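J.: One structure, as structure tokens, below. Some questions next.
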Amino acid sequence: RLFHSLLLREELEMPFSVALISFPVMDIASIDGQLRPIGMDLFRECPPLSIYWLPSTLRAADLDVVPIDLIAPGTLLKSSDLDRIAECDLIGISATSMSWPAAQDGIKKIRARFPNRPIVAGGPHPSLFDEYLLRRGYVDFVIRGEAELYLIALCRALESGVELSEVPSLSWLNKEREFVRNPQGVRLTRSQLSALPPPDYSALPEGIYQGLSLESSRGCPYDCAFCSTNYRTTYRPHEASAFVDAAVYILPHVSKTRLQMIHIVDDEFSMNQRRAIQIADALYSRNFPVRFCYDSRANDLLNEELVEKMGPHTYEFLVGAECGYEEGLRRIGKGTTLNALENAARNLLKHGYSERAHFSFILGFPWECREELDKTIGFAKHLCLEYGVKVLIQWYLQIPGSNLWAEARENGLVSPAMYDDFGFFRDNHLFFSGVRIHPNEIWEISDIINLIKWIAK
């Protein structure tokens with residue numbers, strides 16, 4: 001059927017059409033038992049780049065794209081969404097482990113309506129568990145890692161009959177139903193990332209998201225034990241001028257957001273301090289009117305010039321502190337110290353930007369006992385009361401992709417199947433596969449955290 005539909009499209013000179021669907025992180029609400037968005041998708045912090053940036057690249061390759069953003073309405077895939085993709089040749093699913101239950105629900109609906117339509121999955125969860133997803137028939141293809149080049153290659157292969165074995169980074173099942181994992185394609189270079197067309201926010205719904213999304217770098221040179229983000233140890237920054245050009249391009253759409261700001265979605269925006277200063281200088285020279293939200297390292301915030309120049313362009317930023325004791329910082333591979341964290345907070349207060357900073361901490365790493373947790377809580381409280389920074393304290397959760405998760409999997413504590421269904425956020429087994437302290441102590445610590453929040457206010 002796909003072959004005949006492609007022949008018809010060729011006769012009518014119709015471009016190959018791809019649907020791209022992003023799914024929200026959802027769970028069952030305790031109040032009414034209904035599925036509702038949770039976490040960052042509850043607050044709609046920023047749009048998914050898979051829906052607003054990737055289509056720009058595909059259209060530049062003369063592909064037709066139908067983007068469907070389900071995070072904005074906070075819903076599962078509906079019948080009206082299926083109507084929109086009825087003529088698409090390929091259906092693309094983007095999912096993290098946290099949004100995979102909603103994506104799986106969508107896949108079932110697509111299979112029921114279009115049983116012969118090929119489905120390709122991308123994003124962190126499919127990239128990690130390509131064989132698991134393919135052998136269970138969830139999808140027909142998985143593109144591992146970066147999709148800008150290789151999704152185009154897959155479309156060309158389906159359109160022209162090129163052997164699927166020629167598509168880099170593709171995982172699939174051959175005619176004998178044998179699992180095939182093609183060699184990994186090369187990562188995009190700095191110049192290729194800088195040359196990507198900017199996101200297309202022309203169809204962005206108004207008043208839904210807090211800010212727009214924009215990438216200025218991809219990856220991180222570090223490999224923190226708890227981190228599940230893609231491209232660890234592979235930091236590739238865009239050229240400073242290319243990032244500012246993209247920011248200027250999307251500027252007319254900032255008015256559609258609730259907070260009138262731009263969220264830089266990098267793992268660490270200020271990793272290259274010199275480049276961050278160049279960006280700040282370029283924003284100043286262009287009299288750029290919008291401020292940014294981003295992640296930054298404490299070590300970078302010791303740079304006086306960086307804080308002075310980037311501060312006026314900052315709406316708010318997150319500093320991953322994680323632990324309040326030296327051994328914890330060493331074990332997770334954070335590459336910083338308590339002294340650096342405190343000096344960063346002191347420097348922010350000195351320049352008047354401490355209230356824009358959120359220092360985040362994680363409680364309950366697998367090796368931690370009550371003593372370590374008390375140290376982290378005490379240090380977080382100290383930074384908050386002494387320097388005026390905001391603190392975020394959350395419990396450790398096993399998210400696939402991290403070194404800690406891989407270790408737990410080797411020990412038989414976690415598996416990919418645990419993330420197939422809604423409710424894994426409330427799964428006691430999953431929680432205590434990482435957090436090893438007694439439940440009574442968890443309640444005590446939660447009360448202490450709530451008291452700190454009250455004092456901070």
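J.: Considering only C-alpha atoms, what is the centroid distance from region 176-205 to region 254-317, in Å?
T.: 25 Å
J.: Of the DSSP beta bridges with both residues in the chain, give the percent that are antiparallel, rounding to the nearest 5.
T.: 20 percent
J.: Then there is this: For region 237-314, place one equal point scatterer on every Cα, skip the solvent, and apply the Debye formula. What is log10 of I(q)/I(0) at q = 0.11, 0.18, 0.25, 0.26 Å⁻¹?
T.: -0.26, -0.70, -1.34, -1.44
J.: Something else about it: Counting Lys and Arg as +1 and Asp and Glu as -1, what is the net charge of the other residues whose Cβ lies under 15 Å from the Cβ of Gly388?
T.: +3
J.: May I ask you to derive the FRET efficiency for Arg84 and Arg346 from their Cβ-Cβ distance with R0 = 41 Å, giving the value to the nearest 0.05?
T.: On the way: r = 53 Å, r/R0 = 1.29.
Taking R0 as 41 Å, the efficiency between Arg84 and Arg346 is 0.20.
J.: Still on this structure, I have one more. Please enumerate, by chain and number, the lysines with C-alpha under 25 Å from the C-alpha of Lys108, excluding those fewer than 8 residues away in the same chain.
T.: Once the sequence-local lysines are set aside, what remains near Lys108 is Lys78, Lys175.
J.: Related question: If you take the Cα atoms of the chain, find Rg, then find the Kirkwood Rh from the mean of 1/r over all pairs, what is Rg/Rh?
T.: 0.97
J.: Rounded to the nearest 0.05, what FRET efficiency do Leu451 and Glu304 give with R0 = 25 Å and r taken as the Cβ-Cβ distance? Could you check?
T.: 0.10
J.: If I compute solvent accessible area with a 1.4 Å probe over the protein chains, what percent of it on the chain is carbon and sulfur?
T.: Carbon plus sulfur share of accessible area: 52 percent.
J.: Now, a different point. Please work out the Cα convex hull volume for region 176-319 and give it in Å³ per residue.
T.: Taking the convex hull of the Cα positions in region 176-319, it is 157 Å³ per residue.
J.: I've got another one for you. More than 26 angstrom separation, counting every C-alpha pair in region 330-457; what % is that?
T.: Cα-Cα pairs of region 330-457 separated by over 26 Å account for 32 percent.
J.: Less than 14 Å Cβ to Cβ from Ile445, Lys/Arg counted +1 and Asp/Glu -1: what total charge do the surrounding residues give?
T.: -2
J.: Listed highest first by mean packing, meaning other Cβ atoms within 10 Å per residue, what order do 449-456, 334-341 come in?
T.: For the peptides 449-456, 334-341, the packing ranking is 334-341, 449-456.
J.: Next question, about the same structure. If we sort 173-183, 281-291, 121-131 on the protection proxy, mean other Cβ atoms within 10 Å, highest first, what's the order?
T.: The packing order, highest mean first, is 121-131, 281-291, 173-183.
J.: Shifting gears a bit: Take the residue pairs Lys309/Lys390; Lys350/Lys453; Lys334/Lys375; Lys375/Lys457; Lys350/Lys381; Lys256/Lys350 and return only those whose Cα atoms are more than 26 Å apart.
T.: Lys256/Lys350
J.: Cβ neighbours within 10 Å, averaged per peptide: list 417-424, 233-240 in order, most packed at the top.
T.: Values: 417-424: 15.5, 233-240: 17.5.
Put in order of decreasing packing, that is 233-240, 417-424.
J.: If you don't mind, there's one more thing I want to ask. Rounded, prolate or oblate: which one fits region 291-353, using the alpha carbon gyration tensor with axes a ≥ b ≥ c (rounded when a/c is under 1.5, else prolate when a/b beats b/c, else oblate)? Mind dumping the intermediate values first?
T.: Numbers: a/c = 2.65, a/b = 1.86, b/c = 1.43.
It is prolate, given that a/c is not under 1.5 and a/b is the larger ratio.
J.: Now a separate question. Based on alpha-carbon atoms only, what is the radius of gyration of region 208-267 relative to the globular estimate 2.2 N^0.38 Å?
T.: Here the answer is 1.31, to two decimals.
J.: No other cysteine beta carbon under 4.7 Å away is the test; run it over the chain and list who passes.
T.: Cys46, Cys88, Cys155, Cys220, Cys293, Cys323, Cys369, Cys384
The values are calculated or read from the model by the stated rules, or taken from the named source; none is laboratory data. Since the model is a prediction, treat every value here as computed from it, not as a measurement. Positions of Cβ are generated from backbone atoms using ideal geometry, with glycine treated the same way; all protein chains shown enter the neighbour counts. Side chains included, ligands, DNA and RNA excluded: accessible areas come from the protein's heavy atoms. Shrake-Rupley method; radii C 1.70, N 1.55, O 1.52, S 1.80 Å.
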